Amino acid sequence: MADVVREVMTPGVVAVRPDASLVEAAQLMRAQDIGDVLVADEAQVVGVLTDRDIALRAVADGADPLTVSAEAVCTPHPVAVGPDDEVSTAVALMREYAVRRLPVVQDGHAVGMVSLGDLALTQDPASALADISGAGPDGRAGGTPA
């Protein structure tokens with residue numbers, strides 16, 4: 001069982017600029033087979049944008065995804081963890097803030113993401129959530145945790 005976030009996180013960061021359109025963000029999500037991207041300027045993480053944010057905060061309201069920016073619909077000022085924080089800290093933050101994903105930040109820079117799926121795969125690999133998180137987009141084993 002993993003002790004620190006570094007051992008369970010998905011390393012690397014997929015990010016868009018705050019002024020990127022929702023179409024750009026969605027295309028990046030599709031290309032990377034992920035459900036979220038960080039919204040970041042050169043200095044800091046501005047927010048987290050999920051596929052659900054795009055659907056519920058923009059498309060469902062009839063907004064034009066070509067003209068709406070990622071920053072306009074992302075969750076701003078996301079709670080984050082450090083790579084050397086305990087996994088239990090990440091779990092507690094996810095519970096407290098009712099989020100499924102946390103940016104992993106070190107020295108002010110995002111270095112990865114930790115998701116509920118990442119935690120399920122490492123903490124309880126026999127769980128239904130681990131099975132689902134390990135499935136690919138077609139439902140078969142071998143996918144990327146969401």
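List pairs: first in the stretch 19-32 and free of Cβ contacts under 8 Å to residues at least 40 places away in the same chain, second surrounded by 13 or more Cβ atoms within 10 Å (Cβ to Cβ) and small (Gly, Ala, Ser), Cβ under 8 Å, 6+ apart or cross-chain?
Close Cβ pairs satisfying both conditions: 29/35.
Looking at the stretch 66-74, is at least one residue under 22 Å from residue 115 (Cβ atoms), in contact (Cβ under 8 Å) with a residue 12 or more places away in the chain and among the aliphatic types (A, V, I, L, M)?
yes
Kindly indicate whether any position in the stretch 9-17 is more than 13 Å from residue 110 (Cβ to Cβ), touching a strand residue (DSSP E or B) at 6+ places or on another chain (Cβ under 7 Å), in a loop (DSSP other than H, G, I, E, B) and in contact (Cβ under 8 Å) with a residue 60 or more places away in the chain.
No: the stretch 9-17 contains no residue that is more than 13 Å from residue 110 (Cβ to Cβ), touching a strand residue (DSSP E or B) at 6+ places or on another chain (Cβ under 7 Å), in a loop (DSSP other than H, G, I, E, B) and in contact (Cβ under 8 Å) with a residue 60 or more places away in the chain.
Checking residue 34 against (1) β-branched (Val, Ile, Thr); (2) part of a helix (DSSP H, G or I); (3) modelled with pLDDT under 95, which test does it fail?
(2)
Would you be able to tell me the number of residues in the stretch 18-31 that are touching a helix residue (DSSP H, G or I) at 6+ places or on another chain (Cβ under 7 Å) and either among the aliphatic types (A, V, I, L, M) or at pLDDT below 95 (or both)?
Here the count works out to 5.
What number goes with the only condition from (1) surrounded by 19 or more Cβ atoms within 10 Å (Cβ to Cβ); (2) more than 30 Å from residue 3 (Cα to Cα); (3) aliphatic (A, V, I, L, M) that residue 63 does not pass?
Residue 63 satisfies every listed condition except (1).
Among the numbered conditions (1) closer than 21 Å to residue 16 by Cβ; (2) surrounded by 20 or more Cβ atoms within 10 Å (Cβ to Cβ), tell me where residue 117 comes up short.
So the condition that residue 117 fails would be (1).
The values are calculated or read from the model by the stated rules, or taken from the named source; none is laboratory data. Here the structure is a predicted model, which means the values were calculated and not measured. Glycine gets a Cβ as well: all are built from the backbone with ideal geometry, and neighbour counts include every protein chain shown.
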